[in-house]
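Have a look at the structure below, then the notes.
The values are calculated or read from the model by the stated rules, or taken from the named source; none is laboratory data. All values reported here derive from a predicted model rather than from experimental measurement. Neighbour counts run over all protein chains shown; Cβ positions are idealised from the backbone, glycine included. The area values use the complete protein model at the heavy-atom level, side chains included, leaving out ligands, DNA and RNA. Shrake-Rupley method; radii C 1.70, N 1.55, O 1.52, S 1.80 Å.
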Amino acid sequence: MKKAIILSSGGVDSTTCLSVAVNALGAENVSTASIFYGQKHKKELDAARAVAAYYHVPHYEFDLAQIMQYSNCSLLSHSTQNIVHKSYGEQIAEKGAGKVSTYVPFRNGLMISVAASLAAGIYEEEETGIYIGAHGDDAAGEAYADCSPRFLKAMGEAVAVGTYGKVHLVFPFVDKNKTGVVAEGLKLGTPYELTWSCYEGGDTPCGECGTCIDRAKAFAENGVEDPWNGGKG
């Protein structure tokens, strides 16, 4: 592939994807795309912009909030649910396998579709990879069905067919856990200090939601301090 669009949430996984793509293709051949879907805060979008600026790559943003207005997912601003302050493992252990409250209905499918359309527009004649940072921990226990290998392979086939074989879905971390993702990013000098992971959107990460817990564990298991805010992230 000659070009790449990274689906960027401004978090650890997508930013590592960006560093992988830049390392492989050069920043001049990479763009990022972020989606506002009605989440409770926009701090992750601010982080995505900061990461794109760091790598000097074009950045595109799209608003899909209207589609999500009918969902009561706890991540959404209109939701009546609170974000659960437990690890995904604890949530699955309590409720059994299946979606967690932070699963946004078909979000990855929508994002992939947006990126495929964008790629077919800005890189019309180029072989383009859409990078998504889904990893093994996301799919564990069917917490996020749209992060599973089965889902990603099916979407990849659809994207290729629908773009005349020009656009392909790339999911480099599907066989890794988050610790493995961070290990890869550390090798590439990924600017984790610019990223935001917390679902809560406060001045500092809550440290208690599922993604905060997973992030802390991933850095600890790599034997390094999380560089966000001097290791407080």
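Odds and ends about this structure:
- For segment 117-226, averaging the sequence separation of C-alpha pairs within contact (under 8 Å, six or more residues apart) and dividing by the residue count gives a relative contact order of 24 percent.
- P(r), alpha carbons of segment 100-144 - 5 Å bins starting at zero, rounded %: 5, 19, 22, 20, 13, 10, 7, 3, 0
- Potential lengthening of the chain between Ala158 and Ala220 amounts to 18.5 nm, from the contour at 0.36 nm per residue minus the alpha-carbon distance.
- Take segment 145-206 with all the other protein chains still there, run a 1.4 Å probe, and you get 49 Å² of accessible area per residue.
- For the chain, size of Cβ-based charge dipole, Lys and Arg +1, Asp and Glu -1, in debye: 220
- For Val170, the residues whose modelled amide H falls within less than 5 Å of its own, excluding neighbours fewer than 5 places apart on the same chain, are Ile130, Tyr131, Ile132.
- Ser31 long-range amide H proximity, modeled H, under 5 Å: Ala4, Ile5, Ile6
- One equal scatterer on each Cα of the chain, no solvent, Debye formula: the resulting log10 I(q)/I(0) at q = 0.11, 0.12, 0.15 Å⁻¹ is -0.51, -0.62, -1.01.
- Taking the Cα atoms of segment 176-233, the ratio Rg/Rh between the radius of gyration and the Kirkwood radius comes to 0.94.
- Centroid-to-centroid separation of segment 155-233 and segment 6-68 [C-alpha atoms, Å]: 12
- Among beta bridges that DSSP assigns inside the chain, antiparallel share in %, nearest 5: 5
- Computed lengthening from Cys206 to Ala93, 0.36 nm per intervening residue step minus Cα-Cα distance: 38.5 nm
- With contacts taken as Cα pairs under 8 Å at a separation of at least 6 residues, segment 1-132 carries a relative contact order of 33 percent.
- Between segment 72-88 and segment 116-148, the Cα center-to-center distance that results, in Å: 24
- Here the accessible area of the chain is 51 percent carbon and sulfur, with a 1.4 angstrom probe and all protein chains present.
- Around Lys178: net Lys/Arg minus Asp/Glu count, Cβ-Cβ under 11 Å: -3
- Remark: for residue pairs Lys3/Lys166; Lys86/Lys153; Lys2/Lys176; Lys40/Lys176; Lys2/Lys43; Lys86/Lys187, the C-alpha separation exceeds 20 Å in Lys86/Lys153; Lys2/Lys176; Lys40/Lys176; Lys2/Lys43; Lys86/Lys187.
- Other-chain or far-sequence residues with amide H under 5 Å of Ala143's (modelled H): Gly98
- Remark: relative contact order (the chain) = 24 percent; criterion is Cα-Cα distance under 8 angstrom and separation of 6 or more residues.
- Cross-link reach is defined here as a Cα-Cα straight distance under 15 Å, omitting same-chain residues fewer than 8 places apart; for Lys99 the aspartates and glutamates meeting it are Glu90, Asp137, Asp138, Glu142, Asp146.
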